[in-house]
Amino acid sequence: MKKLYFIIALLTFQSCIAQQKTTSVTEPKNKLVVGIVVDQMRYEYLNRFNEKFGEGGFKRLMNEGFNCKNNQYHYANTVTGPGHAHVYSGSVPAISGIVGNEWFEKGSKSSMYVASDTTASTVGEGSERAGMMSPKNLKVTSIADQLRMSTQFGSKVIGVAIKDRGAIMPAGHTGTAYWYDSSTGNFITSSHYMDEFPAWAKSWNDKNVAQSYTELTWEPYYDIATYTESEEDDQPYENNLSGEPKAVFPHQVSMRTLPYTPWGNTLTLDFALEAFKNENLGKGKYTDLLAISFSSPDYAGHSFGPQSKEIEDIYIRLDLEIERLLNTLDTDLGEGNYTVFFTADHAVADIPSFLKKNKMPGGLFIGSEFKNKVEELLSSKFGEGEYVNAIDNYQIYLNLETLDQKNIDLEDVFEYLQPRLSMEEGIYNLVNLAEGELNAIPDFYQKLLRNLYNPKRSGELMILVEPGWFHGYTKGTTHGTMWAYDTHVPLLWYGFGVNQGSTAKPTHISDIAATLAQLLGIQEPTGSVGTPIEEVLK
């Protein structure tokens, strides 16, 4: 009898082991992380245009994933280069060195573009200048770099965007980035990443996919009369697309205007999925990362503004692209075997003329005339001299050599300029970034400004424009301030390791990399200041 019990127990044990093995085979594996960054998207678009969305795109991410409803940028300069850099690094401009799309480099006393690298050259069929790019200006690692290091560079990382900076910053130092060269209609890369362009990418370029989209006409996806979430189409403060007499539907698509239309997003996803397929992402031993940035909403947003019919249509059609992406991942990797996060590099201001028409405050700050005004003020106080090297990103880069020669303290300059410039229309205040004198503004905004100042790349003083104001032109709009309309962006999570739900608690862009590090079980990036969002993670 004892022998029989022993045999039964042994068979039961073996059955349990077999069941465990079977379970381990079928358990989902995080094969791929897909980062989606929309260039210029307000969080409120998810709600405002919700009735126009299908069930398989934004609604799938929101309803089946996790929605961080109160997600904000954690620094004051909300533009594309820093946005993409800090989504993936979890850092701040003060540490990463990515203080703008351009800035005045104090060491060389010259203007610097965020992704510029004169030692790099074009790889692929593109113009010479378009490929002189790399992430060398980024002074920290990204989550892509940390993923690669954690697998001894076995994980693959690919970044794709129309804008070079939208692909380069997410891919980090060790991934591979591809971006669009509008002069040739091709996607290209640079010698920072490789010496020879992949055969699959060359073959894709040879199909002239971009050219095929110029045969289309941009008309509203639905009857324009149903676009009740946006104002009337014909507005004098919207910018015309190149070659068009008015900024109204329908729009003709050309190689020049393609990035301003929904087919810029389609083109981006076409190439990203081609890379996904040919590089076998998610099919190897390690978790891979695909970073997709949709640049077209920014091109269109600058031209038409957030209340336009065009922006409503852009997001209706982007919803379909998100659905196409998710369906492809389901088919190729299996639902539950990948993680998606979705966010934006910044939001956007309303067009000042729209605000004024509707009796709300707003206006244009004429920055091009401002440098001369500051020079005149300082010369009248301290004697003739060249006091200002540059004004960029609303920051005043003072000529410190002139101040030294004249034995003038920075504090003296600030104390003289602050009461005078603060009286200018559209200026809320002037702050001393270099010395951290921020007590004149509310505590909430002080941290955003402290996170901004980098000694090598930031101006000593910063102009804070009033809400609703910006440096720009009489038509169209922009972004780049510390106000909520520029800082409040979506953050959606979906898939492997992600809970279903939502939170209205404050979360920050810096938390994305920290959360991914926890999800992947890897080290956070070197300049990370974020906190993992515990509610997101299973």
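The values are calculated or read from the model by the stated rules, or taken from the named source; none is laboratory data. Here the structure is a predicted model, which means the values were calculated and not measured. No Cβ is skipped: glycine too gets one built from the backbone with ideal geometry, and neighbour counts run over all protein chains shown. Remember, those area values only see protein heavy atoms, side chains included, never the ligands or the DNA or RNA. Shrake-Rupley method; radii C 1.70, N 1.55, O 1.52, S 1.80 Å.
Which is touching a residue at least 60 places away in the same chain (Cβ under 8 Å), hydrophobic (A, V, I, L, M, F, W, C), closer than 28 Å to Gln523 by Cα and not in a strand (DSSP E or B), of Ala167, Ala201? So the residue among Ala167, Ala201 that is touching a residue at least 60 places away in the same chain (Cβ under 8 Å), hydrophobic (A, V, I, L, M, F, W, C), closer than 28 Å to Gln523 by Cα and not in a strand (DSSP E or B) is Ala167.
Scan region 432-475 residue by residue and report those that are basic (Lys, Arg), under 17 Å from Thr78 (Cβ atoms) and open to solvent by 60 Å² or more (accessible area, probe 1.4 Å). Selection gives Lys447, Arg450. Pairing each residue of region 116-129 that is charged (D, E, K, R) with any residue that is assigned to a loop (DSSP other than H, G, I, E, B) and open to solvent by less than 100 Å² (accessible area, probe 1.4 Å), provided the two are 6+ apart or on different chains, yields C-beta distances under 7 Å for Asp117/Met132; Asp117/Ser134; Asp117/Lys136; Asp117/His192; Glu125/Thr184.
Rundown of residues vs (1) at pLDDT 95 or above; (2) touching a Pro at 6+ places or on another chain (Cβ under 6 Å); (3) closer than 30 Å to Ile351 by Cα, yes/no style:
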site	(1), (2), (3)
Glu435	yes, no, no
Asp443	yes, no, yes
Arg450	yes, no, yes
Glu466	yes, no, yes
Gly472	no, no, yes
Thr487	yes, no, yes
Val498	yes, no, no
His508	yes, no, yes
Ala514	yes, yes, no
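Given the structure, is Glu424 at pLDDT below 95 and farther than 23 Å from Lys109 by Cα? Yes: the conditions hold for Glu424.
Total residues in region 75-108 satisfying the condition of being open to solvent by less than 10 Å² (accessible area, probe 1.4 Å) and under 22 Å from Leu430 (Cβ atoms): the figure is 10. Out of Ile391, Ile408, one residue alone is surrounded by 12 or more Cβ atoms within 10 Å (Cβ to Cβ), within 30 Å of Lys475 (Cβ to Cβ) and either touching a residue at least 12 places away in the same chain (Cβ under 8 Å) or touching an Asp or Glu at 6+ places or on another chain (Cβ under 9 Å) (or both). It is Ile391. The set of residues in region 221-254 being over 16 Å from Tyr315 (Cβ atoms), small (Gly, Ala, Ser) and part of a loop (DSSP other than H, G, I, E, B) consists of Ser242, Gly243, Ala247, Ser254.
Residue by residue, here is whether (1) of a type in the set (Asp, Glu); (2) within 30 Å of Lys357 (Cβ to Cβ) holds:
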position: Glu415; (1), (2): yes, no
position: Pro419; (1), (2): no, no
position: Val431; (1), (2): no, no
position: Asp443; (1), (2): yes, no
position: Phe470; (1), (2): no, yes
position: Lys475; (1), (2): no, yes
position: Thr481; (1), (2): no, yes
position: Thr487; (1), (2): no, yes
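Test Glu215 against the criterion of being under 21 Å from Pro259 (Cα atoms), in contact with a His (Cβ under 9 Å, 6 or more places away or on another chain) and open to solvent by 60 Å² or more (accessible area, probe 1.4 Å), and give yes or no. Judged against the criteria, Glu215 is not a match. Number of residues in region 304-332 that are open to solvent by 10 Å² or more (accessible area, probe 1.4 Å) and not basic (Lys, Arg): the value is 9.
Evaluated against (1) farther than 23 Å from Val33 by Cα; (2) within 20 Å of the chain's Cα centre (by Cα), Arg256 falls short on exactly one condition, (2).
Scanning region 18-44 for residues that are part of a helix (DSSP H, G or I) and modelled with pLDDT of 50 or more turns up just one, Glu44. Restricting attention to region 173-192 and to residues that are in contact with a Gly (Cβ under 8 Å, 6 or more places away or on another chain) and in a loop (DSSP other than H, G, I, E, B), the residue that is surrounded by the fewest Cβ atoms within 10 Å (Cβ to Cβ) turns out to be Ser183.
Pairing residues of region 229-245 that are more than 20 Å from Pro259 (Cα to Cα) with residues that are loosely packed, with under 11 Cβ neighbours inside 10 Å and among the hydroxyl-bearing types (Ser, Thr, Tyr), at Cβ distances under 7 Å and at least 6 apart in sequence or on separate chains, gives no pairs at all.
Of the residues screened, Tyr45 is one that is open to solvent by less than 10 Å² (accessible area, probe 1.4 Å), among the hydroxyl-bearing types (Ser, Thr, Tyr), in contact (Cβ under 8 Å) with a residue 24 or more places away in the chain and more than 22 Å from Gly159 (Cβ to Cβ).
For region 346-361, how many residues are in contact (Cβ under 8 Å) with a residue 12 or more places away in the chain and over 24 Å from the mean Cα position of the chain (by Cα)?
Counting residues in region 346-361 that are in contact (Cβ under 8 Å) with a residue 12 or more places away in the chain and over 24 Å from the mean Cα position of the chain (by Cα) gives 5.
Selection within region 109-145: residues that are assigned to a helix (DSSP H, G or I) and in contact with an Asp or Glu (Cβ under 9 Å, 6 or more places away or on another chain). The member of this set that is most open to solvent (accessible area, probe 1.4 Å) is Ala130. Just one residue in the set Asn278, Asn265 is of a type in the set (S, T, N, Q) and under 16 Å from Tyr45 (Cβ atoms); that residue is Asn265. Asn429 passes every criterion in (1) farther than 19 Å from Thr78 by Cβ; (2) open to solvent by 10 Å² or more (accessible area, probe 1.4 Å); (3) assigned to a strand (DSSP E or B) apart from (1). All conditions in (1) in contact (Cβ under 8 Å) with a residue 60 or more places away in the chain; (2) outside any loop (DSSP other than H, G, I, E, B); (3) in contact with a strand residue (DSSP E or B) (Cβ under 9 Å, 6 or more places away or on another chain); (4) open to solvent by 10 Å² or more (accessible area, probe 1.4 Å) hold for Arg148, with the sole exception of (1).
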